[in-house]
1. Taking segment 144-167, which residues are small (Gly, Ala, Ser) and in contact with a strand residue (DSSP E or B) (Cβ under 7 Å, 6 or more places away or on another chain)?
2. For segment 129-154, give me each residue that is without any contact (Cβ under 8 Å) to a residue 24 or more places away in the chain and either part of a loop (DSSP other than H, G, I, E, B) or surrounded by fewer than 18 Cβ atoms within 10 Å (Cβ to Cβ) (or both).
3. Could you look through segment 86-111, keep only residues that are acidic (Asp, Glu) and surrounded by 13 or more Cβ atoms within 10 Å (Cβ to Cβ), and pick out the one that is farthest from residue 59 (Cα to Cα)?
4. If you go through segment 322-332 one residue at a time, do you hit one that is among the small types (Gly, Ala, Ser) and over 30 Å from the mean Cα position of the chain (by Cα)?
5. Among what's in segment 1-50 and is in contact with an Asp or Glu (Cβ under 7 Å, 6 or more places away or on another chain) and over 13 Å from residue 143 (Cβ atoms), pick the residue that is modelled with the lowest pLDDT.
6. Quick one: in segment 258-291, which of the residues that are more than 24 Å from residue 212 (Cβ to Cβ) and surrounded by 18 or more Cβ atoms within 10 Å (Cβ to Cβ) is modelled with the lowest pLDDT?
7. Looking at the structure I just gave you, is residue 323 modelled with pLDDT of 90 or more, surrounded by fewer than 17 Cβ atoms within 10 Å (Cβ to Cβ) and basic (Lys, Arg)?
8. Would you please name the residue that is farthest from residue 178 (Cα to Cα), looking only at residues in segment 60-86 that are of a type in the set (Val, Ile, Thr) and at pLDDT below 85?
Amino acid sequence: MIPNVNKGGDMRGLIRYLVSEGRENEHTNPHVIGGDSHLVHWHGAEQLNAAAAGEISDYLEEPRKVYGTEMRAQVKAVDPQTGERVVMGYRDQNVWHCSLSLPADERTVSDDEWSNIASDFMDRMDFTEASGKAPARWVAIHHGESKNGNDHIHIAASMVREDGTKWAGRYGDYREAQSACRDLEVKYGLSVVAGREAGLGTRGELPAERAQADRAGLSNTAPVELGHRIRSAAAASTSEAEWIRRVRRSGVVVKPYYAKGSTDVVAGYKAALKPEAYNDKLVFYGGGRLGKDLSLPRIRESFGEPSVSDATEASAEWSAAAKGQPPVYTGGRDETALAPDASIKAARMLGEYNDQLAAIPHTDEAAWGDVARDVSGALSAWAKLDPDNSEDLNAAAAQVARSAQVRRPGVPHRRPHAATMGIATVLLQTRTGGKGQVAGALLAKQVFTTVSALRDPQIAVHRLGEAEGLRTKALERLQKIPMTGYGDETPAPAAVKAELVGAAERATAARVSMDAGTGRPAGPSTSPLPNPLEPKKHSQHGAGRDGRDGIGR
């Protein structure tokens, strides 16, 4: 179950959207399935409409208006001169909105179960009497599946409690929501989101990004597409300067962030798809926001310790990128024609690399994270070479990339990636002749073996959901890709199918079943009348700008 938390200041607009037909008429039968007792009694048996939305929003907003409690948050933007985030102003932030979404293949969850889940969730988030404080008013609305088939509910809550005090959970709510969902998955016997506990999850897809991608005719949202292009460029490069050139050549606008007080020390970067490919908009994302493995320090780990000339070349390329000028250096290995047997040599190198993986301890998350990042980059490069199969290849790349999202405290380790680099280079630089110049079946077998090896440490540390994801969303997709049109055109190796069967059997043997209780203990009967508000006794909770309790950060 995936939570998506947002905070704003327009309760009426939020509720009206939740009871509307939706952007693509996907909302059906919007109705209240949870909330405080007054809302459940008065609106729990009806299909909601615009009039009901007004009544619900007025009720939820009443304590804030009665007590005059003000909650605001800073509005920040990046200063284009310094690259630092600066405060531009303030906005209202008194509305808390969270959707709880299930996988499309999850079992059917009844309204009664959703009601219990929502109540347990809001207890955990400290909105209810369970916090030991005055409750904050909230409502849970169910309006059918999303257009992708995900059953979900929406929770809207006032961040002002019924005594006029402020809900104090807004500074840690994202992490707490994830923790609550992990516990509720177990309690209600729902599918456990792979990688949540280990921090292996990737960035979620936002509705606005999906809508922009649809308008631009892109199968992936901008962050996902940027991740594919940046990883593949990193996997194919031997230096930071070469990586910058490959990223820019792939249709990405990249700009550096300079260290504070410096105009030449690059500490990070931001990236965007070129406007002509993205609705004439230039929408930037920081590297670390695209993925933990895509931050500049993590990218630099791939290239070894830079020499003075390497650093000088990278600095020149960053300066050119910042100014929108062409690359400074030409004629590098990123523009060199490949030898006819390059793909065969690359496959042999990857075979040797696969043999070496056996020596990496399953507990060395940093090493396996590097393997996942580079293999994901190679798969993204392969998708660019083979558009007919790009959907399966990109999906496999995205799944493998999840295993690269490891937290890495302390001093980073630099690890060579020559084998995966060779694969990615071949796939990115094959021009004339297309995939007919590539020994596809040989490469496929070795890449498949590498991805299979990534499953073993996940099984060893009992991340069985992540291991199963690699099998079903990466290995099975790779297995069905035809080798038609490649230089060594052959059917997929029989060993691939045998490995899939073995992987499934190992996953089944390792899976542990958990008994999860469902339902919610019956509580005392509740009144259909709203709780009384007494502003005269709590006038001290009026508007104020008192640091963390006043203007949010």
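The values are calculated or read from the model by the stated rules, or taken from the named source; none is laboratory data. Treat the numbers as computed from the prediction; the structure is a model and nothing was measured. Virtual Cβ from ideal backbone geometry, glycine too; neighbours counted across all protein chains shown.
1. Passing the criteria: 146, 156, 157, 158.
2. Selection gives 129, 130, 132.
3. Checking each candidate, the answer is 106.
4. Yes, segment 322-332 contains a residue that is among the small types (Gly, Ala, Ser) and over 30 Å from the mean Cα position of the chain (by Cα).
5. 1
6. 258
7. Here the answer is yes, as residue 323 does meet what is asked.
8. Among those that are of a type in the set (Val, Ile, Thr) and at pLDDT below 85, it is 82.
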